[in-house]
Amino acid sequence: MGRNRRENEQLTLQVARDGDVWMHVRGAPGAHVVLQMSQAPPGAEPTEECLALAANLASFYSDLRSERKALVMMADPKVGAEGRYSRTSSDFV
C-alpha cells in the first residue's frame, strides 16, 4: 500500500505485475492498494474478504476517510501509453 505520491508511484510502477489487482478511491487523493495476485498460485482469484479489506484500506487512507461510503476503483495495474489505468470495476465501501 502506498500512502503518499512517491510510495504510490513505486508500488504501481515498480512492484505491481500482470495479474495483480490495483485499487484507489475515485475522485480524491489517497493510497494505492495492490493485491499481489501475481504471487499467488496459478489460477487463484482474490477472495471477497481480501477485496473488501483492500477496498477498505484504500478508503481509510484517503481524503474520504470520514465519509460513510467511498467509491473504490479496481483495475489491472498496467500503465498505458497515457499513464492511465483501465478501470475494470468500481464499488462503494
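Looking for something closer than 18 Å to V21 by Cα, at pLDDT 85 or above and surrounded by fewer than 19 Cβ atoms within 10 Å (Cβ to Cβ) - is there at least one such residue anywhere in segment 82-89?
no
Just to be sure before I move on: is T47 within 13 Å of the chain's Cα centre (by Cα) and hydroxyl-bearing (S, T, Y) in the structure I sent?
For T47, the condition - within 13 Å of the chain's Cα centre (by Cα) and hydroxyl-bearing (S, T, Y) - is not met.
Please specify each residue of segment 1-36 satisfying the condition of being hydrophobic (A, V, I, L, M, F, W, C) and closer than 22 Å to L71 by Cβ.
Of everything in segment 1-36, those that are hydrophobic (A, V, I, L, M, F, W, C) and closer than 22 Å to L71 by Cβ turn out to be M1, L11, A16, V21, W22, M23, V25, A28, A31, V33, V34, L35.
Please find, within segment 4-53, the residue that is farthest from M73 (Cα to Cα) out of those that are surrounded by 14 or more Cβ atoms within 10 Å (Cβ to Cβ) and charged (D, E, K, R).
The qualifying residue farthest from M73 (Cα to Cα) is E7.
The values are calculated or read from the model by the stated rules, or taken from the named source; none is laboratory data. Keep in mind that what you see is a predicted model, and the values were worked out from it rather than measured. As a convention, Cβ positions derive from the backbone with ideal geometry for all residues, glycine included, and neighbour counts pool all protein chains shown.
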